[in-house]
Amino acid sequence: MNRLLLRLALFLAFTSGALAQLGNFSDAPIEINAEQTGFERGLATADQNVVIRYGEVVIYSDHAQYNAETRDVLVEGNVRIYREGNLFTGERAVYNLESKQLTAASFRGDFYPFRFAGDSLSTLGSNAYLVKDGLFTTSDNSKPDYYIRAKTVRIYPKDRVVFSNVMIYVGRTPIFWFPYLHQSLDKEEGLQIVPGYSSTWGAALLSTYTFPIGDISAKLRLDILADRGVGIGLESLWGGHEKKRGWGRFRSYYINDSSPGTNKTSLTREPIDPSRYRVSFQDRTYLTEDIYASIDINKLSDARVLQDFAPHEFHTNPNPDNVFALTKWDEDYSLNFIARKNLNEDYFDLTERLPEGALDIKRQPLFGSRVFYDGETSAGYYRRNFAASSLVDDYETFRADTFHQFSYPGTYFGWLSIVPHVGVRGTYYENSGRFQDETTITSNPSDTPGAPPKTTSTTRSVLNGSGSVFRPVVNANVEASFKVSRAYEQVQSRMLGLDGLRHVIQPYANLSYVYSGNDPSEILQFDRLNRSTQLQPIDFPEFNTIDSIDNWSIFRLGVRNRLQTRRDNLTFNWFELDTYFDVNIDRPQFVGDVVQDDGTFSNLFNRFRWYPLPWVNLTVDSQIPVFDKGFTEVNTALNFFANQNLRVDVGHRYISGNSAIYDSNLLVLGGYYRINDNWAVSAREQYEITDGTLESQSYTVHRDLSSWVAALGVNIRDNGGVTDYGFVLTFTLKDFPSVRIPLNLDPESLTGGGTGKNP
């Protein structure tokens, strides 16, 4: 017989001494399969094509010895050990089946995302490893283009790797030495370096090092800016795991700015103290399953610190909030306690709530009937805190508001849906008043002898108070709609992603009436209407600007068109078009609103969505003055992959005839083109056709370096005639989405040009 199968049970049957020593043996048998096997003096031997299986452990080798007393397996020659999804290869190893201890010499292996080799490898406990004189890399090439060499390495699979006495090599060139490195295998941690140049900062070297503090991921930031100085910061992030819903974040930054007056915009800049900083803290903690506390604190040294040193944040949120909220959530209602304070009142406006309590009851059947009820009740002390430089006086009051609404949805004739709503609201203001402009003329002596004095005029909005106010509101509206559909099963097109087609038409109408007992111009504005080119909601509670409520009678008419097809056995909206307009029977006069269309009919609105294939989509939002005078606005976005190497993004914004907004005809073009396996280019341009200004340009050349992608990018921005530009050279690890070890160069910090990774 060429192959013999030996099981440990047979060994024990032949050796009563071994059976006595082992006692109750493991429930997993040991299976040894080899060309030649033997058993002598308590040792089982196997040679040629040895395969040992024990539970989930599989060992391959040329020669093996098994000691039933110590339960050690000695393997030699072309050794491969598969254990818990990890592979180890080498020439010699000892593995204990009882303790699962592994000791090996001149071994190689992998722990995602690393490949490693070491002079020796041994286990630490049941699920950890110690490598001495180890070499680590994420490159899968036989000659890795970068690697880490460390004196000792402790590996905790699926958790972390700890290096000591570390040298980092690119090719064969050592570039960094660290006495200690800690890298999480499931968190974004490690060293990031971004060198570059910006006309705002001068030559710049941005670096961050991320490290753990218990379960908290901390980040140390060091920026060396030639024209501004040295900036330091500490950031941390915690929570957000599946078993821990709460999360938190802390960010801080400080720089003694050597050029705080640097201004790459066309707007004037106020004097700024060179000692500049930001401190922010956000946290959400679940006290119980349905009660959680939220905190958002942001303290800034001046109004421009985010613009200068965190431009991405500034573009999305230039006036960060300062608020504490305690929320009780239920399927039928939510209860909120909110406190909001303006910590940056010298340069930002904010509506303070000191404090506010609110109860929101979601729409639900009333006592199990067909009548539905929803409501809102809130009370608090409110203060409109304007910036120190504002020409508007601060104002404050106590406000109590309660809203209750009933609806009776029904379907008639089997196809017509009608939903009437009736609601009442009462709001009490401890103080009220109307703003009036007051002009102050100041006379100052002229600098020229004999010349008349200089006069300057300043206009401020001053509040003339008129005591307390109770404002009643009544709202009523009727919504009606129906659907008509037809299926076209014969429509089949692989090119357009069609597997049958169904056309659904849904005409709808909404007649809304509101009566308000007071003119909103006589009510202090806290929850106020923000200017927008879009139509406001005409239903409650969707219309949530409590203090702006005015009389209105509006009839909204529209029709939705959908073309649906099948994809993956699901209904997919292939095409959508929503067309609607308002008939203003009684137009509301909102405080501060600049009415662009004061006629009976609003613009005609169209919301167009087309998703023919996964790699192409088109959206168009438009409004045009079809029935009455008004303005025109069209916003278009097209994204598609022309082929596997080329992606193109096209955007266009057009607005004309709105006096509250500058006319604009803005074209945005972007794309990524992979020239070959090693080279690619990307670009993005933003061009304002109205005044012929190329507002922003971004160009990047990408070079694939096996494990890395190198990118050289330039970003140019025209800020109202003032040019701001930057250059950056980056290196980013490929196929390494969450781990950045030990070196990563991220381009977004300086130019916002993307990650430099091949898509």
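Restricting attention to the range 266-284, does a residue exist that is assigned to a loop (DSSP other than H, G, I, E, B), in contact with a Lys or Arg (Cβ under 6 Å, 6 or more places away or on another chain) and either among the hydroxyl-bearing types (Ser, Thr, Tyr) or modelled with pLDDT under 90 (or both)? Scanning the range 266-284 turns up no residue that is assigned to a loop (DSSP other than H, G, I, E, B), in contact with a Lys or Arg (Cβ under 6 Å, 6 or more places away or on another chain) and either among the hydroxyl-bearing types (Ser, Thr, Tyr) or modelled with pLDDT under 90 (or both). Of everything listed in (1) open to solvent by 50 Å² or more (accessible area, probe 1.4 Å); (2) of a type outside the set (Phe, Trp, Tyr); (3) in contact (Cβ under 8 Å) with a residue 24 or more places away in the chain; (4) not in a strand (DSSP E or B), the single unmet condition for Ala303 is (1).
Residue-level analysis places Arg370 outside the set of residues that are part of a strand (DSSP E or B) and either of a type in the set (Lys, Arg) or exposed (fewer than 15 other Cβ atoms within 10 Å of the Cβ) (or both).
Beta carbons closer than 7 Å, at least 6 apart along the sequence or on distinct chains, pair a first residue in the range 255-273 that is within 14 Å of Ser199 (Cβ to Cβ) with a second that is assigned to a loop (DSSP other than H, G, I, E, B) and of a type in the set (Ser, Thr, Tyr) for Thr262/Thr200; Lys264/Ser199; Lys264/Thr200. The set of residues from the range 502-548 being of a type in the set (Lys, Arg), part of a loop (DSSP other than H, G, I, E, B) and surrounded by 15 or more Cβ atoms within 10 Å (Cβ to Cβ) comprises just one member, Arg528. Among the residues examined, Gly657 does not qualify as free of Cβ contacts under 8 Å to residues at least 24 places away in the same chain, open to solvent by 40 Å² or more (accessible area, probe 1.4 Å) and at positive phi. Scanning the range 199-214 for any residue that is of a type outside the set (A, V, I, L, M), under 24 Å from Arg717 (Cα atoms), touching a helix residue (DSSP H, G or I) at 6+ places or on another chain (Cβ under 8 Å) and modelled with pLDDT of 85 or more turns up at least one such residue. Of all residues in the range 697-728, exactly one satisfies the criterion of being closer than 14 Å to Ser198 by Cβ and modelled with pLDDT of 90 or more, namely Ser698. Inclusion of Glu313 among residues that are surrounded by fewer than 17 Cβ atoms within 10 Å (Cβ to Cβ) and closer than 23 Å to Arg717 by Cα is warranted.
Among the criteria (1) without any contact (Cβ under 8 Å) to a residue 24 or more places away in the chain; (2) part of a strand (DSSP E or B); (3) open to solvent by less than 40 Å² (accessible area, probe 1.4 Å), the one Tyr488 does not fulfil is (3). Kindly establish whether Arg353 is under 21 Å from Thr427 (Cβ atoms), in contact (Cβ under 8 Å) with a residue 60 or more places away in the chain and open to solvent by less than 50 Å² (accessible area, probe 1.4 Å). Considered against the rule, which asks whether it is under 21 Å from Thr427 (Cβ atoms), in contact (Cβ under 8 Å) with a residue 60 or more places away in the chain and open to solvent by less than 50 Å² (accessible area, probe 1.4 Å), Arg353 comes out as no. Looking across the range 99-143, the residues that are closer than 20 Å to Ile30 by Cα and either modelled with pLDDT of 75 or more or crowded, with 18+ Cβ neighbours inside 10 Å (or both) come down to Gln101, Leu102, Thr103. Within the range 60-98, the residues that satisfy the criterion of being out of contact with any Phe, Trp or Tyr (no Cβ under 9 Å at 6 or more places or on another chain), open to solvent by 50 Å² or more (accessible area, probe 1.4 Å) and within 16 Å of Gln36 (Cα to Cα) are Asp62, Gln65, Glu76.
This table checks each residue for (1) open to solvent by 40 Å² or more (accessible area, probe 1.4 Å); (2) assigned to a loop (DSSP other than H, G, I, E, B); (3) basic (Lys, Arg).
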residue	(1), (2), (3)
Asn639	yes, no, no
Ala680	no, no, no
Arg684	yes, no, yes
Asp691	yes, yes, no
Ser696	no, no, no
Ala711	no, no, no
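The values are calculated or read from the model by the stated rules, or taken from the named source; none is laboratory data. From a predicted model like this one, the values you see are computed outputs, not experimental measurements. All Cβ positions, glycine included, derive from the backbone under ideal geometry; neighbour counts span all protein chains shown. Side chains are part of the model used for accessible areas, which takes the heavy atoms of the whole protein and leaves out ligands, DNA and RNA. Shrake-Rupley method; radii C 1.70, N 1.55, O 1.52, S 1.80 Å.
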